[in-house]
Every structure is written in structure tokens, then in C-alpha cells.
1. Given +1 on the Cβ of Lys and Arg, -1 on the Cβ of Asp and Glu, and no further charges, what dipole in debye does the stretch 112-232 carry about its Cα centre, rounded to the nearest 20?
2. Rounded, prolate or oblate: which fits the stretch 55-148 when a ≥ b ≥ c are the square roots of the eigenvalues of the alpha-carbon gyration tensor, with rounded for a/c under 1.5 and prolate only if a/b beats b/c?
3. Mind giving me the FRET efficiency for ARG293 and ASP255? R0 is 35 Å, r the Cβ-Cβ distance, nearest 0.05 is fine.
4. Of the options GLY46, THR321, GLY29, report the single residue whose Cα projects farthest towards the positive end of the charge dipole of the chain (beta-carbon charges: Lys, Arg +1; Asp, Glu -1).
5. Suppose every K and R has +1 on its Cβ and every D and E has -1 on its Cβ; what is the size of the dipole of the stretch 269-348 about the Cα centre, in Debye to the nearest 20?
6. Long-range amide H contacts for ASP270: which residues qualify at under 5 Å (H placed 1.01 Å from N, peptide plane, sequence gap of 5 or more or a different chain)?
7. So if I place +1 on the C-beta of Lys and Arg and -1 on the C-beta of Asp and Glu, and nothing else carries charge, what would the dipole magnitude of the stretch 42-85 be about its Cα centre? I want it in debye, nearest 20.
8. Near LYS179, which lysines are there with a Cα under 29 Å away, not counting those fewer than 8 places off in the same chain?
Amino acid sequence: MANADRDRRNRLPPRCRDATEFMKILVTGSAGFIGAALVLRLLERGDEVIGVDNLDPYYDVSLKQARLDRFSGRFGFRDVRADISDRTEMADIFERERPLKVVNLAAQAGVRYSMENPHAYVDSNLVGFLNVLEGCRRHAVGHLVYASSSSVYGGNRRLPFSVRHHVEHPLSLYAATKKANELMAHSYSHLYGLPATGLRFFTVYGPWGRPDMALFQFTRNILEGRPIDVFNRGRHRRDFTYIDDVVEGIVRVLDRPATADRNWSAESPDPATSAAPHRLYNVGNSRWVRLERYIEVLETCLGRKAERNFLPLQPGDVPDTFADVDDLEREIGYRPGTPIEVGIRRFVDWYETFYGNSR
């Protein structure tokens, strides 16, 4: 073991010192909801993390900074302020840091916002992702894990959604960019042998969540005595996935680089696998919950009733989501399972502590 590695090992918490390999991992979107939670988990197990984020003002920058404050200055973490759509900047980061693995979570999020500002999705989700792919292939990254979305299932109404379903009918530009990410990653896996795994996340929620998500908005409005907007007149059914379960899925997948499927057939192609080292998995709770039930649990946790403003289904929205996670369980050994009663309770506790709301 080199002296630098030995010094680093001695400075790690005792529970991490039995590790035989310390990975340098680049995480884009490190100030984001999922990204910050992932960075914390990686640091806790002893990895070295380079966090890349531009603190985009799409939502409250102070919340993003508060997420970063949880681990800024912590041993093993370097905070890099950069926009992944900047080709020169990203090339410099990869050249300087030379990470062993990469998790790309940076993206312009939001289905509805993609109709207001489509160029932001092209810049971040397409141009930015290309810059990440180029950095990975030029520096022989051992595994790229990247965020996709349940939105890619689009017009598909066959439930539960399986990674083996063909997804050719996106209902929003956001969904189209995520499907494009899967195609781009596969091409790099095929051309350059880059191991890459795409994770389709299903409605992630929990402490430190995004203010544009329903749970955050519902909580704020109920506590402030304002009505909540309930789209599709409350008939939505969603596969809600707790943040800790998502992070666990990412870490387990990260530790198992994608490999080529030797049984893959070009005559009967499986969308989830490939002759190249590329793989897709759903990360969801593998059950659906009616939106009305979700709101009822929140009301119980807050001790207040919500005034509902029922609205029609919004353009770009998918009425129902339901993840088939059999592949994730069979190949990675993991199945998310936190019930909404637990997850919403934890979110409410965090929200009232962070924002100082009283009941």
C-alpha cells in the first residue's frame, strides 16, 4: 500500500479501515436531493467524492447550500462549482480528478417546466450528459451510473412498468431527454466498452426533498392554511420511493459494473440488457399508492386537514406508475420497501425542524 493510501486509511473512521480499496467517485448534482444524500453515504463508507454542482436557481438555492453544508469540509470530499454543459470545464475536471467511477445525477428536472423552458433540458440533460460520457470514455472510467426516470414509460399503460418494455412514446420533453440519455449511454458502451447502468427512479421523496415536488408543496400549503392543487382529481396512482431506498439502490449498482449479456439476441433484442456492457434497472417501491391515500397519510402526520383544489390531468403527466423491480432484486440483490407511513413521517419531522413550522 502506498504511503498516501496508508495515511488516508489511518484517518478514516474505524468502521471504514478494513476496506481494501478506496474509490474516487465523481458525483454530478451533488447539491441536489438525491445527489447530496448519495454523497453522504459514500463518504460514510470511506470513499473519496468529487461533487460537481452549479447551484442552478431552478429552485431555492439556499436549500441546495444547506444540503452541501452537511458535508462541506468533510475529509474525502471536494466541492466543485461547475455546469456539466460546459465542455471545457468538464474536460478539465475529468483530467484533474481522474475518478474511478461516476454517478451522473445532474439534470434539469420537472415534467411541467420542460414546456416552459425546453432549452434548459437540452443544455443540461443532453449536452451535459454528452460531456460526462466523453469524460468517462477518455479517462477509462470503470463504471458510469446515471439517472433516468419512470417518465420514460410515457404512453405505455402496461403495468407494472418493466425495463423489458419498449418505451418509444414519451409524453414530455423531459421524458424524451431521459430516454435519449439511455440511448447515448448504450452507444458509448458499444463503441468504447464503457460499463454504464441507467436507473429509472420512481417518484423519489423524503427529507431534504425538492420544493417543486408534490409532498413538499402539500406540506407547505397545509401548514400555511392554503389549499393544495390535486391534479387528475386525485386519481393518480404513484410508486413513491423513499430517498434512503434510492441511495441504497445506487450504491449497490455502483459496486457492480455493468457487463455484456452473452445471451443477448439481436434477432429478439431485450431492451434492458445488451451485447455491450450496458444495463437498465427500475428503482421503485414496487407498489402503487393512490394520491388521495398519500394526502391522507400526510394529513395524519401534520395533524391538519387539507383543503383540496381538484384539477384535471396536466399535459405531460402519466396517470399511473408502478415499478417492476424483479431484475434489480435478482441481479443486484435489492428491493426497496420503505412504506409511505414511515417515509412521510420522516419528511414532516425534517420539514418542521428545518423550516421551524409549528402545528
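1. So the dipole magnitude of the stretch 112-232 works out to roughly 320 debye.
2. Because a/c hits 1.5 or more and a/b fails to exceed b/c, the stretch 55-148 counts as oblate.
3. Numbers: r = 35 Å, r/R0 = 0.99.
E(calc), rounded to 0.05, equals 0.50.
4. Of the listed residues, the answer is GLY46.
5. Working: 11 positive and 13 negative charges, 84 e Å.
It comes to approximately 400 debye.
6. SER265
7. Its charge dipole is roughly 140 debye.
8. The qualifying lysines are LYS24, LYS64, LYS101.
Values in this text are rule-based calculations from the coordinates and carry no lab data. Values in this document were obtained by computation on a predicted structure and should not be read as measured data. Heads up, the Cβs are rebuilt from the backbone with ideal geometry, glycines too, and the neighbour counts pull from every protein chain shown.
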